[in-house]
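All remarks here apply to the structure that follows.
Where a number appears in this text, it was derived from the coordinates with a stated rule and is not lab data. Being a predicted model, the structure only gives us computed values, none of them experimental. Virtual Cβ from ideal backbone geometry, glycine too; neighbours counted across all protein chains shown.
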Amino acid sequence: MRDLAASQENWQRAGFAFARKEFDHDGIRIARMAAGAVEIDLCATNSAESESPLARHLLEATKNDSVGGIIGWVWGVKGVLVSNEREPNSIPSIESILLPGLGQGSVKAELLSSGLPGVLTAAAPINFDLESRRRSLARLCGTNPNTVEYLEHIVVMTPVLDDAIAANEAIDVPCKRIREVGDGKTRQAFFKLEQTVLEVVGPATRGRPGCWGLALMCSNIANAVATARANGLQATDPKLAIQGGQIARIVDPLDGVAIAYMQPGPRRDS
């Protein structure tokens, strides 16, 4: 997005807590929030002259669109020096970017080919397990008033599904299931990353390829809806979800990102 302060205010209205200190490096400013062990970074450029590949990608992504949206992600890779192609089992990279770490320092992430046009994909070494990351991010960002505990689901549209499957499996993110939808011309591929389901849909039938939105799991969905409404956002009433539990959504996307809140519960077909 182009106005980081305004964007941060929007997400705070939806009930997200932020780290007190922004990350500012090489033409990029980042404000960090969290969904459990998943880091969510709001990014903005503050220099059109930056040579950073992340800054270039942000400028390109927002060139014809001031709304914003999800531009990509960073996988955490255990026990691998990502940037060194001479190491056994290392992941070949395109370029490096610098991002805020869990502590006071920063971390180098390597840009990869994901087979997903419009989605910046990177990998960074990580030494913390899920619970340790959750605790570290809670100390850094504080508790979310909307009770969001983890990222449950993310949907991505792509023009060529097989390319996306091959690229993800090349970096040890295996496809768990493929399902045909509609008239059989469109397929969904499902990947599982710790608590999060990544659903890749192709070929994209409308709009540009890229990330569609986030489904976030709450411990109290009624509180999430009440928090959004108290802060002037429209939110739907919770209803039964197909996969079990309850679901509600913020009516208008936040910075171009569709947001759904969920609360766990027994499957309706069980």
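If I stretch the segment between residue 3 and residue 239 completely, what's the gain in nm (0.36 nm per residue apart, minus their alpha carbon distance), one decimal?
The residue 3-residue 239 span can extend by a further 81.6 nm.
May I ask you to derive the FRET efficiency for residue 220 and residue 252 from their Cβ-Cβ distance with R0 = 30 Å, giving the value to the nearest 0.05? Mind showing how you got there, number by number?
On the way: r = 22 Å, r/R0 = 0.74.
E(calc), rounded to 0.05, equals 0.85.
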Q) log10 I(q)/I(0), Debye, Cα-only region 148-263, no solvent, q = 0.12, 0.15, 0.16 Å⁻¹? A) -0.49, -0.74, -0.82
Q. Using 7 Å Cα-to-Cβ label points, what is the residue 169/residue 155 separation (nm, one decimal)?
A. 2.5 nm
Q) Ranked highest first by average number of other Cβ atoms within 10 Å, how do 167-179, 187-199, 143-155 line up? A) 143-155, 187-199, 167-179
**Q.** Inter-site label distance for residue 177 and residue 128 at 7 Å from Cα along Cβ, in nm
**A.** 3.1 nm
Q: Check the straight Cα-Cα distances from residue 185 and name the lysines below 24 Å, setting aside those fewer than 8 residues away within the same chain.
A: 176
Q: Within region 147-163, find all residues whose amide N lies under 19 Å from a label point positioned 7 Å from the Cα of residue 41 along Cα-to-beta-carbon.
A: 151
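Going from the alpha-carbon gyration tensor of the chain, what semi-axes, largest first and in whole Å, does one get by taking the root of 5 times each eigenvalue?
Details: eigenvalues 144, 116, 74 Å².
Listed largest to smallest, the semi-axes of the chain are 27, 24, 19 Å.
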Q. What length, rounded to one decimal in nm, is gained on full extension from residue 138 through to residue 267, with 0.36 nm per residue of separation minus their alpha-carbon distance?
A. 43.5 nm
Q: Take the Cα coordinates of region 177-217, assign each an equal point scatterer, and use the Debye formula without solvent to give log10 I(q)/I(0) at q = 0.17, 0.20 Å⁻¹.
A: -0.53, -0.71
Q | For residue 28, distant residues with modelled amide H under 5 Å away | A | 46
**Q.** Calculated FRET efficiency for the pair residue 78/residue 186, C-beta based, R₀ 35 Å, to 0.05
**A.** 0.55
Q) Any idea what the relative contact order of the chain is, in percent, if you count C-alpha pairs under 8 Å spaced at least 6 apart? A) 18 percent
